[in-house]
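Novice: Mind having a look at this structure? Questions to follow.
What follows draws every value from the coordinates through simple rules; no lab data is involved. These numbers were taken from a predicted model, which means no experiment stands behind them. Ideal geometry is used to build each Cβ from the backbone, glycine not excepted, and the neighbour counts take in all protein chains shown.
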Amino acid sequence: MNIWYVLVPVVVIFFATGIRIVRPTQRALIERLGKYYKFATPGFHWIIPVIDRLYKVNVTEQMVDAEPQEIITNDNLNASVDAQVYFRVKSDEESVKGSIYNVNNFRWQIVNLARTTLRNIIGTLTLKSANSERGKINAELYTTLHDETKGWGIEIVRTELKQIDPPKDVQETMNKVVKAENEKIAAIDSATAAETVADGVKRAKIKEAEGVKQSKILNAEGEAEAIRLVNEAADKYFVGNAQLLRKLEAIETALENNAKIVIPTGSELVNIIGEMAGVLPLEKKQK
């Protein structure tokens, strides 16, 4: 009986020691005596203690930072470059085996591969082109990592270029250039606005001058029409007597200016005015 008191706890402890739980976000490989034994899916698993070993692998999407590094660009400037790589281990058996048996510490390998790839890509570009072609750099980085990690059972999801920072003095110069460009644009906008106002004033003056011109034309046309009507009246009522009409107008003007007219004694006023105008005198009525 004393043996059972010892044996049962030992068996329980031995059994409990071999219990392994694989979560849904994991896959596992079981080795027996240092040799691959079987693939472990999510759930309960029991291994023989000491003889078997279980290696878990996370199959969810993960991210590693390539860490900032100084890279000399094609125009001999030191740029601080950093990137992030998003990846995941494929969940099938061969991919999980590849992530453990084909590469030593795949996270560390991805970081170093990303850093090396960035140096190769950005080293061929100028600082300006590197900043303007981030999409191209991301695409080349993704392609290189995707091709290199195929045998590791890893899928590269995407890559993100975090920063390409120039040296401090270059950054200050670039900021001054941007400020100057902004001031130039503001000056151009102000000049354009002033020009627009001047054009508006110019158009207003032109309109005003055209109005004055049109008014004078209308006045001249009115005077011409009046003269025409007077000439028509003269031709109608004073046919052949244009000079007579002119004399009458002169008499009218003289009378308006209070001109003095000497009338001989015994003469008729009408006849005197008529003689001045060249009109035949009226005969005196016989008493």
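Novice: How would you rank 13-19, 216-222, highest first, on the average number of other Cβ atoms within 10 Å across their residues?
Specialist: So the order, starting with the most tightly packed, is 13-19, 216-222.
Novice: Using packing as a proxy for protection, rank 82-89, 28-35 so that the peptide with the highest average count of other Cβ atoms within 10 Å comes first.
Specialist: Details: 82-89: 19.5, 28-35: 13.9.
Those peptides, ordered most packed to least, come out 82-89, 28-35.
Novice: Sort the following peptides by mean Cβ neighbour count (other Cβ atoms within 10 Å, averaged over residues), highest first: 126-139, 106-119.
Specialist: Result, highest mean Cβ count within 10 Å first: 106-119, 126-139.
Novice: Of the cross-linked pairs K97/K136; K128/K162; K38/K90; K35/K97, which ones have a Cα-Cα span greater than 22 Å in the structure shown?
Specialist: Flagged as over cut-off: K97/K136.
Novice: Okay, moving on. Could you compute the net charge surrounding S215? Neighbours are other residues with a C-beta less than 11 Å from the C-beta of S215; K and R count +1, D and E count -1.
Specialist: Details: positive: K213, K216; negative: E208, E210, E221.
Neighbourhood net charge equals -1.
Novice: Could I ask something else about it? Per residue and in cubic angstrom, what volume does the convex hull of the Cα atoms of segment 77-172 have?
Specialist: That works out to 83 Å³ per residue.
Novice: Right, here's the next one. If amide hydrogens are placed 1.01 Å from N in the peptide plane, which non-local residues have theirs closer than 5 Å to the one on A83?
Specialist: Amide H to amide H, under 5 Å and 5 or more residues apart or across chains, A83 pairs with A66, E67, K162.
Novice: Quick one: if you take sqrt(5λ) for each eigenvalue of the C-alpha gyration tensor of segment 1-117, what semi-axes come out, biggest first, whole angstrom?
Specialist: Details: eigenvalues 405, 39, 30 Å².
Gyration-tensor ellipsoid for segment 1-117: 45, 14, 12 Å.
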